[in-house]
Amino acid sequence: MTHKAFWEDPYASTHRTVVTAVDGDTVELASTIFFAFSGGQESDHGSIGGVAVVEASKEGQRLRYRLAAGHGLQPGQPVEVAIDWARRYRLMRLHFAAELVLELAGRALPGALKVGAHIAADKARIDFRWPESIAPLLPELAASANQIIAADLPIRTAFEDIENERRYWEIAGFSRVACGGTHVRSTGEVGPLRLKRNNIGKGKERIEIFLAGD
């Protein structure tokens, strides 16, 4: 198991740890702040021991990092993990923006089934099975989301099951949702957002989420 330090401090951009395993170009670490693609949230960008990470992957409770060939790292070697903080922060903001919109859309569209999600650094998206255009709903969704964001409410994150690494986020009086991603501390950090509808096929609707100014 890799200790996920990004849950304890998602704002850390560097982290000292030790290499625990090396398999060719792939390494594992005792602990890490380098998030690997999960729950629709893209992996961080960055380096381990000064070597760029080519790919990060999650296998059960283990995180594995593929580095450039000839990285030279060895088991037991102390290393520094560094991530692209500007990109991580955008991912955190867009991740929570997507979580917020998903929760509000679920209340406005009873019976809608989420069939996909993706959080990148430029935008987030949520896909639903729904028989008609959701475009008329977007102004109301955006207004509700931006109202919660403007209220700058604290966001609590914690384990609901430590052994199985199941986590959640919670806004008191609003919602508690299972999620293992990285989150900002308060809704105000997200900043104003805007929504766009994208029809991706018969019976499927997509909401694209952008940060203000994008």
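Starting from 0 in steps of 10 Å, tell me what percent of the Cα-Cα pairs of the chain lands in each bin.
Spelled out bin by bin, the chain gives 8, 32, 31, 19, 8, 1 percent.
For the chain, report the accessible area per residue in Å² (1.4 Å probe, heavy atoms, rounded to an integer).
Value for the chain: 47 Å² per residue.
Using only DSSP helix segments of four residues or longer, with each worth -39500 (n - 2.57), what per-residue ellipticity at 222 nm results for the chain after dividing by its residue count and rounding to 500? The partial results should precede the final answer.
Numbers: 3 runs with 41 residues, N = 214.
My calculation for the chain gives -6000 deg cm²/dmol from helical runs alone.
Give me the number: length gained by fully extending E80 to R129, i.e. 0.36 nm times residue separation minus the C-alpha to C-alpha distance, one decimal in nm.
Once the chain is fully extended between E80 and R129, it gains 13.3 nm.
In nanometres, what is the gap between the two model label sites at E163 and M1, each 7 Å from Cα along Cα-to-Cβ?
1.0 nm
Rounding to the nearest 20 debye, state how big the charge dipole of the chain is about its Cα centre with +1 on each Lys and Arg Cβ and -1 on each Asp and Glu Cβ.
The calculation lands at about 540 debye.
Report the one residue of S144, A86, G70 whose Cα lies farthest in the direction of the positive end of the charge dipole of the chain (charges on C-beta: Lys and Arg +1, Asp and Glu -1; origin at the Cα centre).
Value computed over the given set: S144.
Which number comes out as Rg/Rh for region 1-104 once both Rg and the Kirkwood Rh are worked out on C-alpha atoms? Intermediate values should be presented prior to the final figure.
Working: Rg = 13.8 Å, Rh = 14.0 Å.
Reported Rg/Rh (Cα atoms, Kirkwood Rh): 0.99.
What do you reckon, how do W85, W130, W169 stack up by accessible area (1.4 Å probe), largest on top?
These residues rank, largest area first, as W85, W130, W169.
Give the separation of the Cα centroids, region 17-53 to region 161-187, in Å.
What the calculation gives is 23 Å, centre to centre.
Please go through the residue pairs K4/K196; K114/K196; K123/K202 and name each one whose alpha carbons sit more than 27 Å apart in this structure.
Result: K4/K196 exceed 27 Å.
Along Cα→Cβ, 7 Å out, is where each label goes; now give me the distance between the ones at A212 and R62 in nm to one decimal.
Output for this residue pair reads 4.6 nm.
Of all the accessible heavy-atom surface of region 90-214, with the other protein chains kept in place and a 1.4 Å probe, what percent is carbon and sulfur?
After summing per-atom areas, the C and S share lands at 49 percent.
Can you compute the FRET efficiency between I200 and A30 using 1/(1 + (r/R0)^6), with r the Cβ-Cβ distance and R0 = 45 Å? Round to the nearest 0.05.
So, using R0 = 45 Å, E works out to roughly 0.60.
Can you give the alpha-carbon Rg of region 115-181 over 2.2 N^0.38 Å, where N counts its residues? The partial results should precede the final answer.
Numbers: Rg = 14.9 Å, N = 67, 2.2 N^0.38 = 10.9 Å.
Its radius of gyration relative to the 2.2 N^0.38 Å reference: 1.37.
Put +1 on the Cβ of each Lys and Arg and -1 on the Cβ of each Asp and Glu in the chain; which of G201, F6, F159 then has its Cα farthest toward the positive end of the dipole?
Of the candidates, G201 comes out farthest on the positive side.
Would you mind computing, in nm to one decimal, how far apart the modelled labels at A178 and A150 are, each placed 7 Å from Cα along Cα→Cβ?
The modelled label-to-label distance comes out at 3.5 nm.
The values are calculated or read from the model by the stated rules, or taken from the named source; none is laboratory data. Note that the coordinates shown come from a computational prediction; the quantities given were computed from them, not determined experimentally. In this analysis, Cβ positions are derived from the backbone assuming ideal geometry, glycine residues included, and neighbour counts consider all displayed protein chains. Ligands, DNA and RNA are stripped out before the accessible areas are found, and what is left, the full protein with its side chains, is counted by its heavy atoms. Shrake-Rupley method; radii C 1.70, N 1.55, O 1.52, S 1.80 Å.
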